[in-house]
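Where a number appears in this text, it was derived from the coordinates with a stated rule and is not lab data. Only a predicted model underlies this, so the values are computations on that prediction, with no experimental measurement involved. Cβ coordinates were reconstructed from backbone atoms using ideal geometry, including for glycine residues, and neighbour counts include every protein chain displayed.
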Amino acid sequence: MNNKKLIGNGFRFFIYGLVIAFFAWAIYNQYFSYIFSQSSTFLVLLRQHFVLVLVSSVLAILIAVPAGVLITRPKFRKAEWLITNIVNFGQTIPSLAVLALMISVLGIGFNTAVFALFIYSILPIFRNTVAGLDTIDPNLIDAAKGMGMKPSQILFRIELPNAVYSILAGIRTAVVLNIGTAALAYVVGGGGLGVWIFTGIQLFDNGFLISGAIPVTIMAILADYLLRKLENVLVPKGARAVSNT
Amino acid sequence: MITFNQVTKKYSSEKTAVKDVDFTVDEGKIVVLLGPSGCGKTTLLRMVNRLESITEGSIVIDNENSMDLDAIELRRKIGYVIQSNGLFPNMTIEENVMIVTDLLGWNKKKKKERFNYLMKLIGLDPKIYGKRYPHELSGGQQQRIGVVRALAADPPVMLMDEPFGALDPIIREKIQDEFLQIQREVKKTILFVSHDIDEAIKMADKIMLLRDGEIMQYDTPSKMLSHPENEFVNQFFGKDRAIKSLSLHTVRNLQEVIGLAEMDESIYDTKTINVNQDLRNTLSMLLNQEADQVIVTNDQDEKIGSITIDLVQKYLHYEIKGKMSVSQEG
């Protein structure tokens, strides 16, 4: 046990060391300089990136959560395999291909990028919503029904509060993935920090590459942290203890 | 009062779960539905609050046909307890207990008073337990909460589906006693599903034994044990049904019928037993201590006589096995 802890701690400090070394190297070579020398461009790209992620994620949540709820209602249960397969299929198409396909329909620009990211975010949210609702003890539903709760009351007072942990985990996965994938928006002229990353790749300019990539990484880590905090607020105290064990 | 009129449940044309069941649960009584698994007892129970549909026949609850009411309204008038307690993990104990009164729109003050009363019934402090969550309670406590939750809106009728089935034997027995105590106070009309014969004998005013959806016998526990109507009933209660039936009688019953024996003062260190104790426990005590007698005490702890294995046997013959005369046996 103690040995395991020692190895774990050693590994963690090794990683920390690597990260510090990387930043030291980047700062020494002045790879972050573009952020300051071209700060107005940087802010525009950062805002574009943020808006891309925000709009596509919100749309995905608005579609995937209700879809997950709907598909777990007894009436639509039989269609679950069909919808799940369609959503799974959507995920197997490479993201670049989706972007390319969308250009022929929506043209070039922000809308195409948002649409592609939206398609990509649906699956994790949908799947976790369904899983969260499916893992609720059927006895709870039976008890709720037997006490005379209406289906809507069962959904909002029993099912969703007990599934919210799983649903939020799906949203977190989707948003974090989304922040990374949004760099591809550059390919269809959707803007975002991908502009600097791809410029850096094409010009072999580590300065552009790192000035674009590091903010994306920090954004993803921040989003993950904030959504975890949100979990503590939204998940009911009793349900949290159950899902943690 | 719950009346079943020729109730039948078919899942398909070949599969019949409940066949022509016809009986009445009297006001304030506990009827235990007993039988092997798959006999239709749970289905029968769930038909009362319409969690299962009725194929043919009708169920009348307090002079109202269950089909005439809205299913949601009907269920709010019927207490429902299930085996795995079904407490909602996202709600506190107080929210769990008061959920039906919440649905019925009771005001805050009335709910608080009711909650305090209910918690007192099961001997848990409402101030301490009200704010806790189900996972913070022991299995026995959770099941008690499940029972009082069904009592919350004071429904005249209660349905209990193996409510104590998941508890360990010691806690189960305790909660059974506690529940009977509560029932003496609240006097609900109760339909109770069990697969445990001892539980049925203990809890029931009347037992209904079912097989393949048909009634085998509907009688009081003592009649059921002493006069089984057919071979199935006889076999179901088993060879030791005479011993099982002893738990329906107390030392006081025996004293009233054949009297107690003299105390043999020469034997020291004999155990004592209260006059209200049932005869099954008394017999176990006699057999365990391998003594000839156990001293009987009354409620004031005064020694009023002694009881022997012979006496229990006589009583068994006299009271249970066809009322034979005592003198013949003697």
- Note on the structure: Given unit charges at Cβ for Lys, Arg (+) and Asp, Glu (-), the dipole magnitude of the stretch B:72-206 about its Cα centre in debye, nearest 20, is 780
- Tell me, A:Phe89, B:Phe232, B:Phe4, B:Phe192 in order of fewest to most beta-carbon neighbours within 10 Å? A:Phe89, B:Phe232, B:Phe4, B:Phe192
- Simple Cβ-charge dipole of chain B, Lys/Arg +1 and Asp/Glu -1, about Cα centre, in debye nearest 20: 1340
- Query: Taking each residue of B:90-100 in turn, how many C-beta atoms of other protein chains fall within 10 Å of its C-beta, and what is the average?
  - Reply: 4
- Would you list, by chain and number, the lysines whose Cα falls below 26 Å from the Cα of B:Lys127, excluding same-chain residues fewer than 8 positions away? A:Lys237, B:Lys108, B:Lys109, B:Lys110, B:Lys111, B:Lys112, B:Lys174
- Task: Starting with the fewest neighbours, write out B:Glu302, A:Glu231 ranked by other beta-carbon atoms found within 10 Å of each beta-carbon.
- Result: B:Glu302, A:Glu231
- 22 Å Cα-Cα threshold exceeded, pairs from B:Lys41/B:Lys202; B:Lys239/B:Lys314; A:Lys75/A:Lys150; A:Lys4/A:Lys229: A:Lys4/A:Lys229
- Just the Cα atoms of the stretch A:89-177, one point each, no solvent: what log10 I(q)/I(0) does Debye give at q = 0.11, 0.18, 0.22 Å⁻¹? -0.46, -0.79, -0.97
- Span from the the stretch A:1-37 Cα centroid across to the the stretch B:208-266 one, whole angstrom: 79
- Note on the structure: Within 10 Å of the Cβ of an average residue in B:74-85, the count of other chain Cβ atoms is 3
- Message: If you average the alpha carbon positions of the stretch B:15-35 and of the stretch B:46-97, how far apart do those two centres end up, in angstrom?
- Response: 16
- Task: Sort A:204-214, A:96-106 for me by packing, meaning the mean count of neighbouring Cβ atoms within 10 Å per residue, highest on top.
- Result: A:204-214, A:96-106
- From largest to smallest, what semi-axes in whole angstrom does the protein assembly as shown give when each is the square root of 5 times an eigenvalue of its alpha carbon gyration tensor? 69, 29, 20
- Query: Can you pull the percent of Cα pairs in the stretch B:2-239 with separation above 33 Å?
  - Reply: 18
- Message: Filter chain A for me: DSSP H helices, axial length by Cα at least 20 angstrom, mean Kyte-Doolittle hydropathy not below -0.5. List them by residue number.
- Response: A:2-28, A:39-71, A:110-134, A:160-181, A:206-234
- Highest GNM mean-square fluctuation among B:Pro89, B:Pro163, B:Pro221, for chain B with Cα springs under 10 Å, belongs to B:Pro89
- Query: What is the stretch A:32-244 by shape, rounded, prolate or oblate, if you read a ≥ b ≥ c off the alpha carbon gyration tensor as root eigenvalues and call it rounded for a/c under 1.5, prolate for a/b larger than b/c, and oblate otherwise?
  - Reply: prolate
- Per-residue average of Cβ from other chains inside 10 Å of A:134-142: 3
- Query: Looking at chain B, what % of its DSSP beta bridges pair antiparallel, to the nearest 5?
  - Reply: 50
- Rounded to the nearest 5, what is the percent of antiparallel bridges among the DSSP beta bridges in the protein assembly as shown? 50
- Task: With everything on Cα atoms, drop me the angle between helix B:169-186 and the longest principal axis of chain B, reported from 0 to 90° to the nearest 10.
- Result: 70
- Query: Of B:Leu191, B:Pro221, B:Leu210, which is farthest on the positive side of the dipole of the stretch B:165-222, counting Cα position, with +1 on Lys and Arg Cβ, -1 on Asp and Glu Cβ, and the Cα centre as origin?
  - Reply: B:Leu191
- Message: Could you sort the peptides B:147-155, A:56-64 by per-residue average Cβ neighbour count (10 Å cutoff), highest mean leading?
- Response: B:147-155, A:56-64
